[in-house]
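The values are calculated or read from the model by the stated rules, or taken from the named source; none is laboratory data. None of the values given here were measured: they were computed from a predicted structure. Quick reminder, even Gly has a Cβ in these numbers, built from the backbone with ideal geometry, and neighbours come from all protein chains shown.
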Amino acid sequence: METTPKLEHKSFNCMYCGVFSNQTWHTVFFLLEGKYNNPGNYHACRCSHCFKVSYWSGDGAMLFPRTTLAPKPHNDLPKSALTDYQEARAVYNDSFRSCIFLLKISLSKLLKELGESGNDIEADLSSLVSKGLHPEVCQAYINLATSATNLEIVNKLFELVNFIVEDQITKKKQISSFFSIN
Ligand SMILES: [Zn+2]
């Protein structure tokens, strides 16, 4: 299983070489007016496999390289919802408010593909719960959407979209192909 890079984590799949490897963390100091300090709480991380260095801010955002660490879309995510999902990933490093906004649009479009209104995420999720979606998904959405103030929670929102795709599209496809007589 792939492990996504995270601030201060001692090992993960490197964003440069892709290898699961040990990572060494250092605090970045700036020489300002003859004194060393770390005004923005910046960190540098060095991969033990390829020796390349990434730079991070103290709130957990990777500043360099400019690769997004946001979860990839599920293969079965409908095309209508994919563009907003990818745009949400593109702004992940810069603004999680924009990221969440775009992710919610993607989720609305997904819900519309699933036969719901696409106008009210909570109402659509409750409707899906009445048709068999796990009730915890709806509650998790409410909790995450109202408390999304850090990247960890934003990641979970991406994963929630992918979970709904897996549960409502992929599994149903698998079941119907398993029981198909042809
Ligand atoms: Zn590496």
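Per-structure values
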{"item": "Residue satisfying all of: in the stretch 141-163; crowded, with 18+ Cβ neighbours inside 10 Å and touching a His at 6+ places or on another chain (Cβ under 9 Å); farthest from N75 (Cα to Cα) among these", "result": "V161"}
{"item": "Residues that are part of a loop (DSSP other than H, G, I, E, B) and small (G, A, S), drawn from the stretch 56-85", "result": "G58, G60, A61, A70"}
{"item": "Count of the stretch 31-55 residues which are away from the ligand (no atom under 14 Å from the Cβ) and either assigned to a loop (DSSP other than H, G, I, E, B) or surrounded by fewer than 12 Cβ atoms within 10 Å (Cβ to Cβ) (or both)", "result": "11"}
{"item": "Looking only at the stretch 1-25, and only at residues there that are out of contact with any Lys or Arg (no Cβ under 9 Å at 6 or more places or on another chain) and within 8 Å of the ligand (Cβ to nearest atom), the one that is nearest to K156 (Cα to Cα)", "result": "G18"}
{"item": "Residues (at pLDDT 90 or above and part of a loop (DSSP other than H, G, I, E, B)) located in the stretch 122-155", "result": "K131, G132, L133, H134"}
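Yes/no matrix, rows are residues, columns are (1) in contact with a strand residue (DSSP E or B) (Cβ under 8 Å, 6 or more places away or on another chain); (2) more than 23 Å from S57 (Cα to Cα); (3) surrounded by fewer than 18 Cβ atoms within 10 Å (Cβ to Cβ); (4) at pLDDT below 90:
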{"site": "L82", "(1), (2), (3), (4)": "no, yes, yes, no"}
{"site": "Y85", "(1), (2), (3), (4)": "no, yes, no, no"}
{"site": "R89", "(1), (2), (3), (4)": "no, no, no, no"}
{"site": "S95", "(1), (2), (3), (4)": "no, no, yes, yes"}
{"site": "F101", "(1), (2), (3), (4)": "no, no, yes, no"}
{"site": "E113", "(1), (2), (3), (4)": "no, yes, yes, no"}
{"site": "E116", "(1), (2), (3), (4)": "no, yes, no, no"}
{"site": "D120", "(1), (2), (3), (4)": "no, yes, yes, no"}
